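The values are calculated or read from the model by the stated rules, or taken from the named source; none is laboratory data. Note that the structure is predicted; figures quoted are calculated from it, not measured. No Cβ is skipped: glycine too gets one built from the backbone with ideal geometry, and neighbour counts run over all protein chains shown. The protein model used for the area step is the full one, side chains on, heavy atoms only, and it has no ligands, DNA or RNA in it. Shrake-Rupley method; radii C 1.70, N 1.55, O 1.52, S 1.80 Å.
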Amino acid sequence: MKLLKTFWLRLKTPSKVAVGLVLFMGFMGGLLFWGGFNTVMEKTNAEEFCAGCHAPIVKEIQETIHFSNRSGVRAICSDCHVPHNWTDKIVRKVQASKEIFSHMMGTIDTPEKFNARRGHLAEREWQRMKNNDSQECRNCHQFNYMDFSEQAPRSAKQHSTALASGDKTCVDCHKGIAHKLPDMKDVAGWQ
């Protein structure tokens, strides 16, 4: 540290200005990069962006309680499919790049092709949500604030036992809450 301080003091003023200018330019470049990167990240969370490839799927949610309800709270695609915390969001965006590639390659670029793969895609998404304890659900629905007296008896029982104990997570029971279900005959535990 002393060596660095001595070096800095021996520099002539024009050199200090040059070093300061380089540091400032590096900082501004980093700030501009961060701003641009973050802007792109947020734009790809917009429902319009999702509808570019998933228009029929985006339309499905418009028929659910997550789109229109008595409280006026509306969930959009990114609320359920993109984690809110930054590092998890970055990981999910990298994973989603594979989905964009599949769409561009023609794997799921039509409603018919998408529906043919719907079961596989749903299973993958359900597993992702199970692995993170349905964190995206919990961003809006907080267990500690649930009023079991306002729930149907079966729901209240499940929420107060299986969910409370950690044996199950939201997606175990709430598959298809915002999308049409695929063929469920091979899905374990589904009646």
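Within the stretch 163-177, how many residues are modelled with pLDDT of 85 or more and part of a helix (DSSP H, G or I)?
Selection size over the stretch 163-177: 5.
Applying the selection to the stretch 114-137, what residues are open to solvent by less than 60 Å² (accessible area, probe 1.4 Å) and of a type outside the set (A, V, I, L, M)?
Looking only at the stretch 114-137, we keep the residues that are open to solvent by less than 60 Å² (accessible area, probe 1.4 Å), and these are 114, 118-119, 121-122, 125-126, 128-129, 132, 134, 136-137.
114, 118, 119, 125, 126, 128, 132, 134, 136, 137 - these are the residues of the stretch 114-137 that are open to solvent by less than 60 Å² (accessible area, probe 1.4 Å) and of a type outside the set (A, V, I, L, M).
Quick test for you: out of 48, 60, pick the one residue that is exposed (fewer than 11 other Cβ atoms within 10 Å of the Cβ), of a type in the set (Asp, Glu) and closer than 17 Å to residue 81 by Cα.
Numbers: 60 fails: exposed (fewer than 11 other Cβ atoms within 10 Å of the Cβ).
Answer to the check: 48.
Look through the stretch 63-79, keep the residues that are at pLDDT 85 or above and either touching a strand residue (DSSP E or B) at 6+ places or on another chain (Cβ under 9 Å) or aliphatic (A, V, I, L, M) (or both), and return whichever of them is surrounded by the most Cβ atoms within 10 Å (Cβ to Cβ).
Checking each candidate, the answer is 75.
Mind checking which pairs have a first residue in the stretch 78-94 that is of a type in the set (A, V, I, L, M) and a second that is assigned to a loop (DSSP other than H, G, I, E, B) and open to solvent by less than 40 Å² (accessible area, probe 1.4 Å), Cβ under 6 Å, 6 or more apart or different chains?
82/45
Residue under question is residue 111, and the condition is that it be surrounded by 12 or more Cβ atoms within 10 Å (Cβ to Cβ) and modelled with pLDDT under 85; does it hold? Write out each step before concluding.
Numbers: surrounded by 12 or more Cβ atoms within 10 Å (Cβ to Cβ): yes; modelled with pLDDT under 85: yes.
It is true that residue 111 is surrounded by 12 or more Cβ atoms within 10 Å (Cβ to Cβ) and modelled with pLDDT under 85.
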